[in-house]
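Structure record follows, encoded as C-alpha cells.
A short reminder: the numbers here are calculations on the coordinates, not readings from a lab. Note that the coordinates shown come from a computational prediction; the quantities given were computed from them, not determined experimentally. No Cβ is skipped: glycine too gets one built from the backbone with ideal geometry, and neighbour counts run over all protein chains shown.
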C-alpha cells in the first residue's frame with residue numbers, strides 16, 4: 001500500500017497535471033486546478049462513506065456497531081468496482097493523451113488495484129459473511145479496469161476536455177495515495193510509519209524513472 005501510494009501520487013503530480021495543463025492551455029490553468037480539487041474531494045467523500053461503518057479501521061475486539069442491511073452493505077464494494085472502472089477509463093484517456101502518459105497511468109492503476117482488491121473482499125465479507133459473493137466481487141473488480149479502458153476507446157473528446165479529465169483523475173489519484181493508501185498502511189504498521197513513508201518515496205522514484213525512460 002505504501003509503495004502504491006507513492007506511485008499514484010507521483011503519477012498525478014509529475015505527469016497527469018502537467019499534461020492536463022498542456023492540453024487545456026495556459027489561459028485555463030485555474031480550471032485545471034479546480035477540476036483536480038473536485039476530483040480529490042469527490043473521491044474523499046466516497047472514501048468516507050465506504051469506511052464510515054467498516055471494521056477495517058477498528059481496533060482488535062472493538063465493535064463497529066450493528067450490521068447494515070444487506071442491500072446497503074454491498075454498496076461500498078460496488079462503489080470500489082465503479083472506481084476500478086473509472087481507473088480503466090483513465091488508462092484509456094492516458095493513452096489518448098500520449099504513450100508516456102498511458103504507461104504511467106497503467107503503472108499507477110496496477111499498483112493500487114492490488115490494495116483495491118483487498119478492500120473489495122474485506123467489504124464484501126463484511127456485507128454477507130459469504131466467501132462466494134466476495135469472490136464474485138473480486139472478479140468483477142479485476143475485470144472493471146479492462147471494461148473501463150474499452151469504454152474510453154468508444155468516446156471521442158476534444159484536447160481541452162481530455163485535459164480536464166486528466167486533471168480530475170490526478171485529483172482522484174492524489175486522494176487515493178495520500179488520503180487512503182498511505183494512512184491505511186500506517187494504520188496496520190504504526191511503529192513502522194517512517195519506513196512506510198520511505199517506501200512511498202521509492203514508489204515515486206520508480207514513476208520518475210519510468211517517465212524518464214519513456215519520455
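A straight line joining the Cα centroids of segment 115-165 and segment 167-215 runs 20 Å.
Which of the three applies to segment 1-54, rounded, prolate or oblate, going by the alpha-carbon gyration tensor with a ≥ b ≥ c and a/c under 1.5 meaning rounded? In terms of gyration-tensor shape, oblate. Gyration tensor analysis over the Cα atoms of segment 2-214 returns equivalent ellipsoid semi-axes of 30, 20, 15 Å (largest first, whole Å).
How would you rank 207, 172, going from fewest to most other Cβ atoms within 10 Å of each one's own Cβ? Intermediate values should be presented prior to the final figure.
Details: 207 23, 172 26.
Taking fewest neighbouring Cβ atoms as first place, the list is 207, 172.
As a rough footprinting exposure proxy, the listed residues 103, 46, 176, 135 were ranked by other beta carbons within 10 Å of their own, and the order from fewest upward is 135, 46, 103, 176. Distance between the pseudo-spin-label points of residue 82 and residue 139 (7 Å out from Cα toward the beta carbon): 2.3 nm.
Remind me, relative contact order of the chain in percent, using alpha carbon pairs under 8 angstrom and six or more residues apart? Provide the component values of the computation, followed by the final result.
Details: 310 pairs, mean separation 99.1, N = 215.
Value for the chain: 46 percent.
The Cα-based radius of gyration of segment 125-215, divided by its Kirkwood radius, gives an Rg/Rh of 1.07.
Sorted fewest first by neighbouring Cβ atoms within 10 angstrom, 170, 156, 5 come out as 156, 170, 5. Extension gain, residue 205 to residue 30, is 60.2 nm, computed as 0.36 nm per intervening residue step minus the present C-alpha separation.
Rounded to the nearest 0.05, what FRET efficiency is calculated for residue 188 and residue 45 with R0 set to 25 Å and r the Cβ-Cβ distance? Write down the numbers at each step before the final one.
Working: r = 24 Å, r/R0 = 0.95.
Between residue 188 and residue 45 the formula returns 0.60.
Would you please give the FRET efficiency between residue 147 and residue 99, computed as 1/(1 + (r/R0)^6) with r the Cβ-Cβ distance and R0 = 35 Å, to the nearest 0.05? Calculated value: 0.95.
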